[in-house]
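Structure record follows, encoded as structure tokens.
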Amino acid sequence: MTLDVVIIADTHLPKRAQALPEVLWRAIERADVVFHAGDWVDGDTLDALQARARRMVGVWGNNDGPELRERLPEVARVELDGVRFAMTHETGQKAGRERRMDTLFPDTDVLVFGHSHIPWDTTTPTGLRLLNPGSPTDRRRQPRVTYLTVRVDAGQLTRVELRDARTGDLVPDADGAD
């Protein structure tokens, strides 16, 4: 069974933007599963995502208050078509990330994270795939606001694409540059 996944993080609504871009909402509505790796900032965004996504998996981030922390876990785990995903908001500094995540998530195939607002796509020495979608609303030092689309098929990621959140266009791959 092929599953299409949208991965977002660090929406910071309504502080960094008033709303998610319409292009992103269309991708969310088409996706089989949507991941949000924290820093929602308000419960309205969680409510809207739960209403519009077929299936939503989320975690809280460091900017999320008590209401969101009551509704969401710090770490989420889900298996999709044989691929074991885990998600958390923060993974710490760039230096040593792969080694730390291998230790913390030994029974995981893909770790989704946020916090830096910087896209990241690397594979650790043990084969753990690390994915950060950047932010669809607050690009910080990046040239664009971004999200990820992922295809899961027969126990594998068969496509991972970084997309511009305003246009939906493909952007150059993340390379773990944060």
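Things to note:
- Scan of region 13-57 for residues that are in contact with a Lys or Arg (Cβ under 7 Å, 6 or more places away or on another chain), of a type outside the set (A, V, I, L, M, F, W, C) and in a loop (DSSP other than H, G, I, E, B), ordered by number: Pro21, Asp32
- Verdict on Gly82 being surrounded by fewer than 16 Cβ atoms within 10 Å (Cβ to Cβ), out of contact with any Phe, Trp or Tyr (no Cβ under 7 Å at 6 or more places or on another chain) and touching a residue at least 60 places away in the same chain (Cβ under 8 Å): yes
- Where Asp173 falls short, out of the listed (1) at pLDDT 95 or above; (2) loosely packed, with under 15 Cβ neighbours inside 10 Å; (3) touching a strand residue (DSSP E or B) at 6+ places or on another chain (Cβ under 7 Å): (1)
- Test for Asp178: is it surrounded by 14 or more Cβ atoms within 10 Å (Cβ to Cβ) and modelled with pLDDT under 95: yes
- When residues of region 114-155 are limited to those that are buried (at least 24 other Cβ atoms within 10 Å of the Cβ) and in contact with a helix residue (DSSP H, G or I) (Cβ under 7 Å, 6 or more places away or on another chain), the one nearest to Gln18 (Cα to Cα): Pro136
- Candidates in region 105-147 are the residues that are of a type in the set (Ser, Thr, Tyr) and part of a strand (DSSP E or B); of these, the one that is nearest to the chain's Cα centre (by Cα) is Tyr147.
- Hey, Asp102 more than 14 Å from Ala165 (Cβ to Cβ), of a type in the set (Asp, Glu) and not in a loop (DSSP other than H, G, I, E, B) or not: yes
- Region 73-99, subset among the acidic types (Asp, Glu) and not in a loop (DSSP other than H, G, I, E, B), residue nearest to Leu46 (Cα to Cα): Glu79
- Odd one out for Leu111, checked against (1) under 18 Å from Val57 (Cα atoms); (2) surrounded by fewer than 21 Cβ atoms within 10 Å (Cβ to Cβ); (3) free of Cβ contacts under 8 Å to residues at least 40 places away in the same chain; (4) not charged (D, E, K, R): (2)
- In region 49-73, the qualifying residues are those that are among the small types (Gly, Ala, Ser) and surrounded by 13 or more Cβ atoms within 10 Å (Cβ to Cβ), and the one that is farthest from Val23 (Cα to Cα) is Gly61.
- Single residue of region 85-96 satisfying the filter (free of Cβ contacts under 8 Å to residues at least 60 places away in the same chain and either at negative phi or within 13 Å of the chain's Cα centre (by Cα) (or both)) that is surrounded by the fewest Cβ atoms within 10 Å (Cβ to Cβ): Ala95
- Here Arg69 clears all of (1) out of contact with any helix residue (DSSP H, G or I) (no Cβ under 8 Å at 6 or more places or on another chain); (2) closer than 24 Å to Asp164 by Cβ; (3) in a helix (DSSP H, G or I) except the condition numbered (2).
The values are calculated or read from the model by the stated rules, or taken from the named source; none is laboratory data. Predicted model, so just to flag it, every value in this text is computed and none were measured. For neighbour counting, all protein chains shown are included, and Cβ atoms are generated from backbone atoms with ideal geometry for every residue, glycine included.
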